[in-house]
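Chemist: This is the structure, below, for whatever I ask next.
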Amino acid sequence: MSKVTTRARATPDPITAALQELHDSLASDAGGDLATYIPQLARVDPGLFGLALATMHGRVYKAGDADVPFTLQSVSKPFVYALALADLGLEEVLSRVGAEPSGEAFNAISLEPGSGRPSNPMVNAGAILTTSLVRAPDPVARFERIREVLSAFAGRRLELDEAVFASELETGDRNRALAYLMRNAGSLRCGVDEVLDVYFRQCALLATSVDVAVMAATLANGGVNPCTKVTVVSQPIAEHVLAVMASCGMYDAAGEWLLRVGLPAKSGVSGGLVAASPGQFGIGLFSPLLDARGNSVRAVAASRLLAERFQLHLMHHPGRSVPVIARAGSALTLQSGRRRLRTEREVLHAHGDDIDLRSLQGDIEFAAAEVILQSLSTVSPARPGGARWLVLDVQGVSRLHPVAARMLDSAVLELGSRGVVVAVGDPHRRGLLPHAAVELPSPEEALEWCEDALLESHGASLALEQREPWQPGQGGE
Ligand code: GLN
């Protein structure tokens, strides 16, 4: 009898499979050139191609040469910008480095006439100035702080490629010229050699596609590294950095990039590319052959395909998954399960529309809160058939964003001034609406509380002592 043996072939998960497929379809594209103006960069293997994606839960997916280190070069810029923002605050940094896309090459002399302020921190001039802003007593300490923060973004200590550093130190005259121009204009306030030593070192820090994906994921995750859980920068700083990456990260290709790919990104001349999808993931790509604008040919192509396939464009709105108001009604149709006396049932039947109910659900942000506000605007005892009590069932609310919480709470306050008493039902006891009259541990109890208040207002005997505790499935008397 022949024995059929099936060899277990590991099927990759769909994300790894997608990265693998991108790798395989683009690896044969040998278009583009190695950067040669830093001689050491011309020595890398042009066939290298790594792709990695890191999620907000700290999982990493990868394909190709995702563990091969490369020097960060300009991919370092957004992360050093984050550090400068943390040190000085947005206003101070903006007064020294603008945030306008220059639409010019990365090494352009793009300085504001008169002040010498560089147009943005993603082009070399702006990045050199940004490096000078990092707080430290001396250049050695400045580089160590930069290395520490970039390492925290990556979740492991990043090493320096001494050879690439030395190579750029020797040949980086254009950057030297830029720094002298800024120094002459008064925008750069420290020594040229001093700042360039630190800048060239930050560019020569080594990272893999996986590292870079985690760095981007940290920005996408509001500044918290999703793998180490360390808060590297605050959420507003992460947002500001992503904004500048979106508008200026791809130099003279920034506009078309935003149009086609629609993700904050940053490229570097070693062939690295970092991109982030806020709240979703970070991607790190590496392939050293560059197009005429100094962006990696394969990395740009891979980003475009990824963004299309997974609908990642920043301007794409997925729409709400569930309606924000799951249920609306009054105590005429919705009754608490509480046993009631016949007289009470009669009162509730006659005046049930004095109690309104809204069951809210999902993730409530500004737009959803506006829908709720609209729905609540008609609740008023002054209107014929208008309610005097309102049950807000927030059991199904997964998240109430701070702006939505403020909108809803002020609506609750306003309802109170119109004479509507609001009872919140929330098993999670989150205290989402502080101006409500009461918060009870379930929507049923909130409704019951309103029914009791309604009955009391009609003078009906509540006959508390006659009641037994409510049991599911029990009807009234
Ligand atoms: N170190 C490089 C430079 O300053 C970085 C430029 C880049 O990656 N675009 O020229």
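Chemist: Taking the number of other C-beta atoms within 10 Å as the exposure measure, put V60, V140 in order starting with the fewest. List each step's numbers first, then the result.
Modeler: Values: V60 23, V140 12.
Going from least to most buried by this count: V140, V60.
Chemist: Kindly express, to the nearest 10 degrees and within the range 0 to 90, the angle between helix 235-248's C-alpha long axis and the longest C-alpha principal axis of the chain.
Modeler: 50 degrees
Chemist: Compute the helix-to-body angle for 209-220: its Cα long axis versus the longest principal axis of the chain, expressed 0 to 90° and rounded to tens.
Modeler: Orientation of helix 209-220: about 40 degrees from the principal axis.
Chemist: Distance from the Cα centre of the range 366-383 to that of the range 37-64, in angstrom?
Modeler: The range 366-383 and the range 37-64 have Cα centres separated by 51 Å.
Chemist: Could you tell me the calculated FRET efficiency between L413 and A30, based on Cβ-Cβ distance and R0 = 56 angstrom, to the nearest 0.05?
Modeler: Working: r = 66 Å, r/R0 = 1.17.
Computed FRET efficiency for L413 and A30 comes out at 0.30.
Chemist: Next up: Tally the DSSP beta bridges in the chain and give the antiparallel ones as a percent, rounded to 5. Mind showing how you got there, number by number?
Modeler: Working: 32 of 49 bridges.
The antiparallel fraction comes to roughly 65 percent.
Chemist: Using DSSP to call loops (not H, G, I, E or B), can you name the trypsin sites (Lys or Arg not before Pro) in the range 152-236 whose Cβ has at most 12 other Cβ atoms within 10 angstrom? Intermediate results must be reported in sequence, preceding the final value.
Modeler: Numbers: sites: R156, R157, R174, R176, R183, R189, R201, K229; in loops: R156, R157, R189, K229.
Sparse-neighbourhood loop trypsin sites (Lys or Arg not before Pro): R157, R189, K229.
Chemist: Also: Among D291, D65, which comes first, second and so on when ranked by fewest other beta-carbon atoms within 10 Å?
Modeler: D291, D65
Chemist: Moving to a separate point now. Want the number for R189 to Q311: 0.36 nm per residue separation, take away the alpha-carbon distance, what's left? Kindly include the intermediate steps, with their values, before the conclusion.
Modeler: On the way: separation 122, 0.36 × 122 = 43.92 nm, distance 4.41 nm.
My answer for the length gained is 39.5 nm.
Chemist: Could you work out [θ]222 nm for the chain from helices alone, using -39500 (n - 2.57) per DSSP H run of at least four and dividing by all its residues? Round to the nearest 500 deg cm²/dmol. Display every interim value, and only then the final one.
Modeler: Numbers: 16 runs with 191 residues, N = 477.
Calculated mean residue ellipticity at 222 nm is -12500 deg cm²/dmol.
Chemist: What is the Cα centroid distance between the range 387-435 and the range 277-349, reported in whole angstrom?
Modeler: Their Cα centres are 22 Å away from one another.
Chemist: Please work out the Cα center distance from the range 144-198 to the range 93-112, rounded to the nearest Å.
Modeler: 17 Å
Chemist: Okay, next question. Order by neighbour count: K77, K62, fewest other Cβ atoms within 10 Å first, most last.
Modeler: Numbers: K77 32, K62 22.
Neighbour counts put them in this order, fewest first: K62, K77.
A short reminder: the numbers here are calculations on the coordinates, not readings from a lab. What you are looking at is a predicted structure, and each value in this text was computed from that prediction instead of being measured. Because the Cβ atoms are built from the backbone with ideal geometry, glycine has one as well, and the counts that use them run over all protein chains shown.
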